[in-house]
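The values are calculated or read from the model by the stated rules, or taken from the named source; none is laboratory data. Everything quoted here is computed from the prediction, not taken from an experiment. Here the Cβ is made from the backbone with ideal geometry for all residues, glycine too, and neighbour counts use every protein chain on show. Keep in mind that these areas ignore ligands, DNA and RNA; they rest on the heavy atoms of the full protein, side chains included. Shrake-Rupley method; radii C 1.70, N 1.55, O 1.52, S 1.80 Å.
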Amino acid sequence: MNKLKRVLCGTLALAMAASMMTACGDDASSTASNGGGTASGGSDSTGGGASGDKTKVKVMTFTDETQTMLDIFCADEANKAITDKYEFEVSLESTASTYIQNVLSDLAGDNAPDLFLADADYAKQFAEQEQTASIADLGITINEDDYYKYTLDFTSRQSDGTRMGLSHQAAPGVVLYRTDYAEQVLGSKDPADVQAAMSDWDKFVETAKKMQENGIFMINGLDELKRCFMNNRDGAWLKDDMTYYCDEATVTKFFETTKELADAGCVQYMENTQWTTNWYNGMQDGVFCFFGCTWYLHYTIKPNCLTTKTGDVDADGNATAADADYKVGNGSYGLWGIVQGPAPYFWGGTWWFGSKKCLEDGTAEAVKAVIEYFCVNDDSMKAYMEKTGDFPSKPGVAEQLSSNNDFLGGQDHYAIFREAAKNVNTKTTTMYDDTFNTAVNDALIEYIVNGMSLDDAIAYIKDKAAETITDMK
Amino acid sequence: MASSFKTRAKLEKNYCGYIFIAPFFITYIVFQLMPLINTFRYAFTDVRAWFVDQSQTSHFVGMDQFKTVVGEMGFKEAFFNTPVMWIMGFIPQLLIALLLASWFTNEKIRVKGQGFFKVIFYMPNIMTATTIGILFLTFIRPNGFIHNICISIGYVKNARMPITGTWFGRGVIAFINFWMWYGQTMIVLIAGILGINPSFFEAASIDGASGWQCFWRITLPLIRPIMTYSLITSLIGGFQMFDVPNMIGAGETAAVFKRDIQTIIMYIKGIAYTGSFAVGKACAASVILFLITAVCSLILFYVMSDRAEAKARRAEKKRAKEAALLEGGDL
């Protein structure tokens, strides 16, 4: 009897311990299969055999676009040699801070990604990592003259200029404006006339006041002009020895211009509205212009300018736009035009990196093939751009593209982007820009809404940034 | 034979027990104790330098990180905001909870539909803090109902202006905390009151004590331990306040009173996970938070503990000891 008790006790305890372990195990495997599920789906559709004998390529990304791109890669017969041997396992994390943290910690360990992507906010940081392989390491050769220079400069190591990452897209910034309001107030909806009305900041403010007299807001929120100003500073926030530098003239001009617009009633919301519901609402009606860029045109303003959306409900419970919704007359669709605006700038981008681990575990071949397919090979790059309306990182490819965009009332957006991309300058960007952007946002609110003095607001930027950048001097 | 069997049985019983409690201790050591110890270690270490240059074992920097943290504007603001918002929320929370608890337990009033009210009052606590944060955010944003009220009473000049004001932001957070937790405190206090021997109340009413006197002289002193419990748990939770203020204040949308409602944990999270990922500095701030919480809890515990009773108990013990000594002397 006692023995039975003992056995029972032991079994129970073991079962308990085991159930704990399996609980953990289940968790891990279910997330893995979630991440990998779609990836294997992609390769299955190409008629790949048993996935077990394929080498796994670990991909880390912040955007669901990557999965779409890899599916396109796998669907192309020309890549059969790669897709027969390799299988892409994509893990997606769209919260920037978590994603950065995951990549940085994984890179240092055994479970490093083979291929990983970066947004402009942290591409520089990834390029500086010890475990990031350079383009040359991966065996990719490029002709540097074929690219918009900034897409290469952006991910070069600060110390020796080694090219670390490649981008398939360039993201020159432009101003999107409402043609109907332009016609009503400025008397012409022609891009040349509108550009003349906002060719510098003084004219921009002047036009804003005219719009206000007609009951139209010039911009939607206080942070709208930020990127355009911040890209044109005369020096980086941090010098090489981590000394703080603030281009006070530009920051002052930015703060004062925004305040003048705010005081004159030209700003719809007295808050930072980017990526909020109020931002999207402004795109539907009542606001003359938005500062956007290439991807912004397709992924941000196009779906959000629609008032009728009949598509599926997304994870947040909002209706998404179905293909049929994209038509002139729905919301402000078809009432937009593009001009360069007061100053050239860029906004975002996606860079591809290979890790040193892919050189060791034999997946370098696949990593190289994917990067070359989207970022080097002209034909496949062009095919992808034509499919999505995105803008390529190579001027040569951009030359071959044209569009008759009904969203823009027939204007060819490639023509404007080609011009805008020539003037983009990323010399003043550092890997800490994200922190400074947030600090500038906060300081702007303190200055305009909470009544802080201009000098204090500028000093506030430094104080705020010093909290998170520990070695700043 | 019999004796050897006894020893064996005793030993094995012990082993069984260890196996049963092992999972907890293993999880605790791996996921709680080790991070806890590391927090203290990192607080004195230049974590980044240590991480990059793994050849050297120690990057001990002494109190440097504590000094930087303490000098920072964000730190000072956070260490002011957090207790202030906690007190603003906790005082009404305890008062309302006490009032409701004494009503619900009062034999003379006999509130009808008690279960219904308890559920209703407890309800906000079931919702996630994130949901509540978003809910209140919609109220105070332009076009929200609180925003509209502010316009109609002239506090906000135009419809495009967000509601500003240091104390408004803090008040919103304090109100949410109050609203989320008074039900829970009420349930705990009801349990405490029901634990009081009813014969006390009977005896008091026979002696002609009024309801008010009963409350002050019987209920309140006897639920003191339970009040100490809710006060201290609430204090610890209050110092770690994060989810609601983060929902309301972290987004660009409500940057207006970002500084007024920044809490300690928000500050720590900010320095640890953005910019140059200053983990060491964040650990130093965490250690300071731990010390402050510990000291405050001890003070509260001391203030709330029944000192008169403890004194009486000590005196009783002393008397007994003396009596025993005296007896011994006699022998």
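Once you list every other residue whose beta carbon is under 13 Å from the beta carbon of residue A:395, what net charge do they have if Lys and Arg are +1 and Asp and Glu are -1?
Residues close to residue A:395 contribute a combined charge of -1.
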FRET efficiency (residue B:296, residue B:155; Cβ distance; R0 35 Å; to 0.05) is 0.50
Would you pull out the residues with amide H under 5 Å of residue A:340's amide H, same chain only if 5 or more places away, H placed 1.01 Å from N? A:175
If amide H atoms are built 1.01 Å from N in the plane of the peptide, which residues on other chains or at least 5 residues away come under 5 Å of the amide H of residue A:170? A:391, A:393
Please work out the average accessible area per residue across the range B:74-320, using the 1.4 Å probe convention, and give it in Å². 52
Calculated [θ] (222 nm, deg cm²/dmol) that DSSP helices of n ≥ 4 give over chain A, each run adding -39,500 (n - 2.57): -14000 deg cm²/dmol
P(r) of the range A:89-155 over all Cα-Cα pairs, binned every 5 Å from zero, in whole percent: 3, 13, 25, 25, 18, 10, 5, 0
Could you work out the Kirkwood radius for the protein assembly as shown, taking every pair of different alpha carbons, averaging 1/r and inverting it, reported in Å? 31.2
Note the full-extension length gain between residue A:184 and residue A:243 as 0.36 nm times their separation in residues minus their Cα-Cα distance, in nm to one decimal. 16.3 nm
For the protein assembly as shown, with +1 on Lys and Arg beta carbons and -1 on Asp and Glu, the positive-most of B:176, B:264, B:304 along the dipole: B:304
With a 10 Å cut-off between alpha carbons and a GNM built on chain B, which of B:34, B:73, B:266 moves the most? B:34
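Of all the Cα-Cα pairs you can form in the range A:245-352, what percent are over 21 Å apart? Could you put the intermediate results ahead of the total?
Details: 2800 of 5778 pairs.
Here the long-distance tail beyond 21 Å is 48 percent of all Cα pairs in the range A:245-352.
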Beyond a 19 Å Cα-Cα separation, which of these cross-linked pairs lie in this structure: A:462/B:76; A:427/B:281; B:76/B:258; A:124/A:149? A:427/B:281
Need the full-extension length gain, residue A:326 to residue A:404, defined as separation in residues times 0.36 nm minus the C-alpha distance. One decimal, nm. 26.6 nm
If you stretched the chain out fully between residue A:456 and residue A:160, how much longer would it get, using 0.36 nm times the residue separation minus the C-alpha to C-alpha distance? 102.8 nm
Residue B:119 paired with residue B:175, simple spin-label distance in nm, labels 7 Å along Cα-to-beta-carbon: 2.7
Compute the Rg/Rh shape ratio of the range B:193-331: radius of gyration over Kirkwood radius, all on alpha-carbon atoms. 1.24
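If you take the square roots of the eigenvalues of the alpha-carbon gyration tensor of the range A:246-301 and sort them as a ≥ b ≥ c, do you get rounded (a/c under 1.5), prolate (a/b over b/c) or oblate?
Numbers: a/c = 2.46, a/b = 1.45, b/c = 1.69.
Judged from the Cα gyration tensor, the range A:246-301 comes out oblate (a/c at least 1.5, b/c at or above a/b).
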Note the direction-averaged projected area, equal to a quarter of the hull surface, for the Cα convex hull of chain A, in nm². 28.5
For the range A:136-142, 3J(HN,Hα) per residue [Karplus equation, 6.51 cos²θ - 1.76 cosθ + 1.60, θ = phi - 60°, Hz, x = Gly/Pro]: 5, 4, 6, x, 8, 10, 10
Place +1 on the Cβ of every Lys and Arg and -1 on the Cβ of every Asp and Glu in the range A:410-473, take the dipole about the Cα centre, and give the residue among A:459, A:441, A:421 whose Cα lies farthest towards its positive end. A:421
Degrees, to the nearest 10: A:413-422 long Cα axis against longest axis of chain A: 90
Between chains A and B, the summed loss of accessible surface on complex formation, probed at 1.4 Å and reported to the nearest 100 square angstrom, is 3400
Write down the percent of antiparallel bridges among all DSSP beta bridges whose residues are both part of chain A, to the nearest 5. 70
Alpha carbon convex hull of the range B:60-197, projected area averaged over orientations, nm²: 13.9
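Of chain B, which part is the longest with no trypsin sites (Lys or Arg not before Pro) in a loop (DSSP not H, G, I, E, B) and with at most 12 other C-beta atoms within 10 angstrom?
The answer is B:158-331.
With every protein chain left in place, what is the accessible area per residue of chain A in square angstrom, probe 1.4 Å?
Details: 19290 Å² over 473 residues.
Per-residue accessible area for chain A comes out at 41 Å².
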Grab the DSSP H runs of chain B that are 4 residues or longer, score each as -39,500 (n - 2.57), total them, divide by all residues and round the 222 nm result to the nearest 500 deg cm²/dmol. -24000 deg cm²/dmol
Spin-label model distance (nm) - residue B:308 vs residue A:318, 7 Å beyond Cα toward Cβ: 6.2
Could you work out how far helix A:378-388 tilts from the main Cα principal axis of chain A, as a 0 to 90 degree angle to the nearest 10? 70
Computed over the range A:171-263, the Cα gyration tensor eigenvalues, each multiplied by 5 and square-rooted, give semi-axes in Å (largest first) of 30, 14, 10
How far apart, in nanometres, would the label points at residue B:73 and residue A:419 be if each is projected 7 angstrom from Cα along the Cα-to-Cβ direction? 4.1
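Using the beta-carbon distance between residue B:166 and residue A:149 and R0 = 41 Å, what value does 1/(1 + (r/R0)^6) give for FRET efficiency, to the nearest 0.05?
Values: r = 48 Å, r/R0 = 1.16.
My answer for the efficiency is 0.30.
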Antiparallel DSSP bridges in the protein assembly as shown: what percent, to the nearest 5? 70
Would you list the membrane-span-like helices of chain B, meaning whole DSSP H runs whose alpha-carbon atoms span at least 24 Å along their axis and whose mean Kyte-Doolittle value is at least 0.0? B:2-28, B:73-105, B:166-194, B:279-304
For chain B, what class follows from the C-alpha gyration tensor (a ≥ b ≥ c being the square roots of its eigenvalues): rounded when a/c is under 1.5, otherwise prolate if a/b is larger than b/c, else oblate? oblate
